[in-house]
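Following: one structure in structure tokens, then a few remarks.
Only the coordinates and a few stated rules stand behind these numbers; no lab work does. Model, not experiment: these values are computed from the prediction.
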Amino acid sequence: MKISEKIQQAINDQINMELASSYAYLSMAAYFESLALDGFAHWMHLQRREEDEHAMRFYNYMNDRDGRVMLKALGEPPHEFSSPLDAFEQSLENERQVSASIHALYDLAQKEKDHATTSMLKWFVDEQVEEEKSVGDMVDRLKLAGDHPGALLLLDREAAGRSDS
């Protein structure tokens, strides 16, 4: 069954949001690299890769449903951060916006009685819980670290150990 125009538009918007998130994480990685915080930079590069994978998941789904992917221009990502905590707080806000967008898409799919899209989106709903927790935990740790350089370096080293899984 061909996907509806409303669902196509919403998925195209979601693809754009995922790609914009990827771009923002790349900018955050560059910020951390400029501070020689390579662990945080590594963390952001992995996050960027996940966002690219999410965009491609939507992209492939749209093609599987005989829809038309319509890529849009990406805006300039944030590139100034007042601190590592600020960068991670912006990351958390971004993840919350992505979650809200996925929830709205899920609601639309249910309203349209598009069971295939509803089923596909279940994975994203669950994934966003994990995404928000991961970033939220780092925000909490950075708040605990405060202005202690040793604690910041310890968290940077912890971030360097993050794997793709």
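A few notes on this one:
- Three-way shape label, the chain, alpha-carbon gyration tensor, a/c 1.5: prolate
- Degrees, to the nearest 10: 115-145 long Cα axis against longest axis of the chain: 10 degrees
- Annotation: amide H-H contacts under 5 Å for Met70 (H modelled 1.01 Å from N, sequence separation of 5 or more, or interchain): none.
- Computed from Cα positions, the angle between helix 84-111 and the longest principal axis of the chain comes to roughly 10 degrees.
- For the chain, built as a Gaussian network whose Cα springs stay under 10 Å, the top-fluctuating residue of His148, His79, His54: His148
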